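A quick write-up on the structure given underneath.
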Amino acid sequence: MYLVKTSPRALFAALIPLAIVEAVLMVFAIAGGQVVSDPEGVPAPDLILTLYGGRMAINAAFLFAGHIVLRQWTMSSRFAYALMGGVMAAASYGIAIRNHIQLAAPGDGTVVTFGLLPTIAGMIGGFLYSQFAGLSPVARAAGPSPAANPAETPPPLVFDGPVRVRTSVAGVAIAALMPAVLATLLPYTLLPLLMNGFADKSTAHIFAAVIPAQTFLVMLVISVIPATIFMLCLHHVARAMGRRSAWEYAAIGGAAAFACALLLAFMAPLLAVLTVPAAFCGAVMGALYRRFAGLEPVPLPEPVIATDPEALVGADHPSRHQHGVILSN
């Protein structure tokens, strides 16, 4: 039996999705607070940093506590850690709402809706923790040393049979986020031009933060379902071709995305400029999926339900190539 290791590096990786979501929600809270409740003022940077740091500290503490609980329960599956991450992120969000660790409270009827993003990010974070931390064998109970009796030492588990890339829901979810993440990088190249259009620099800074956040959410809503379908198709095509390496998945993803963008360009020529970015995005999606999916043994053939024992013969058996004759009276 194995347990997930305790790793600060894995905890840091698990906090990345939560950090992005918390930053997006805080940016919208700042923008909404300035436009609606306090048009003349902007929250002090110290207050913003304190609230953001407090939220991330709560998230980190809850994730670590959930990891310790799963170790006590000797649970190490990816599903268990993803579920733990979602529960802990939802609990952290509830504590923040109850204790006003936020710039602005969600509007009436939106508390649960706003909590979905941290919950999903927490599930991805829990999955990332289990991926980056690695596994370690459970310590044996006190007793004679295995070296004292080599005959009782169990051989290490190895497998040299055929393998294939797993179908991973979490891997698909992470890969499906890449179009939104990469599209969010575009507004940063235009920020100097956008900020020059505002006379008030405080307003310019807020919009400089809001525009990438808005781009991320809009692209997330638009692209997550098509990207999920694309990733599932890519995975099954690569599996049918017998490809297993990350480079092969990246090449197949880039070629498939380029072909899709090229087909769209025939219908709308203006979309031709997206062919190269689409190929890059597809390659990143394929490589990321392969990184987080892992391998599994090829399943054994399905058992055959037979009612006639005489039919249990091979394909090359003579009875398969000729028919018996029954002479009728």
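None of the figures in this text is laboratory data; all of them are computed from the coordinates on show. Small disclaimer: the values here were computed from a predicted structure and weren't measured. Cβ atoms come from the backbone with ideal geometry, glycine included; neighbour counts cover every protein chain shown.
Evaluate the relative contact order of segment 55-96 (contact order divided by residue number), counting alpha-carbon pairs under 8 angstrom at least 6 apart; express in whole percent.
Over segment 55-96, the number comes to 56 percent.
If you rank Cys281, Cys260 by fewest surrounding Cβ atoms within 10 Å, what's the result?
Cys260, Cys281
Hey, can you grab everything whose amide H is under 5 Å from the amide H of Arg164? Only 5+ residues off in sequence or another chain; H modelled, so Pro and N-termini drop out.
Glu296, Val298
Could you sort the peptides 10-19, 222-231 by per-residue average Cβ neighbour count (10 Å cutoff), highest mean leading?
Listed from highest to lowest mean packing, they are 10-19, 222-231.
Report the extension gain between Val313 and Val221 in nm, rounded to one decimal, defined as 0.36 nm multiplied by the number of residues separating them, less their alpha carbon distance.
That works out to 27.6 nm of additional length.
What are the ³J(HN,Hα) couplings of segment 223-237, residue after residue, when phi is run through the Karplus curve with 6.51, -1.76, 1.60 and θ = phi - 60°? Round to Hz, x for glycine and proline.
Computed from phi, the couplings for segment 223-237 are 9, 5, 6, x, 5, 5, 4, 4, 5, 5, 5, 4, 4, 6, 5 Hz.
Just report the Cα centroid separation between segment 244-282 and segment 69-127, whole Å.
With segment 244-282 and segment 69-127 each reduced to a Cα centre, they are spaced 35 Å.
Quick one: what are the phi-derived ³J(HN,Hα) couplings along segment 261-278, Karplus 6.51/-1.76/1.60 with θ = phi - 60°, whole Hz, x for glycine and proline?
5, 5, 5, 5, 5, 5, 7, 9, x, 5, 7, 4, 5, 8, 5, 5, x, 5
Say each of Phe266 and His321 gets a label point 7 Å from the Cα, pointing the same way as Cα to Cβ; how far apart are those two points in nm?
4.5 nm
Considering amide H positions built from the backbone, and no H for Pro or chain starts, which residues 5 or more places from Leu3, or on another chain, come under 5 Å of its amide H?
Ser136, Val138
Could you work out the Kirkwood radius for segment 1-138, taking every pair of different alpha carbons, averaging 1/r and inverting it, reported in Å?
One decimal place: 15.6 Å for the Kirkwood radius.
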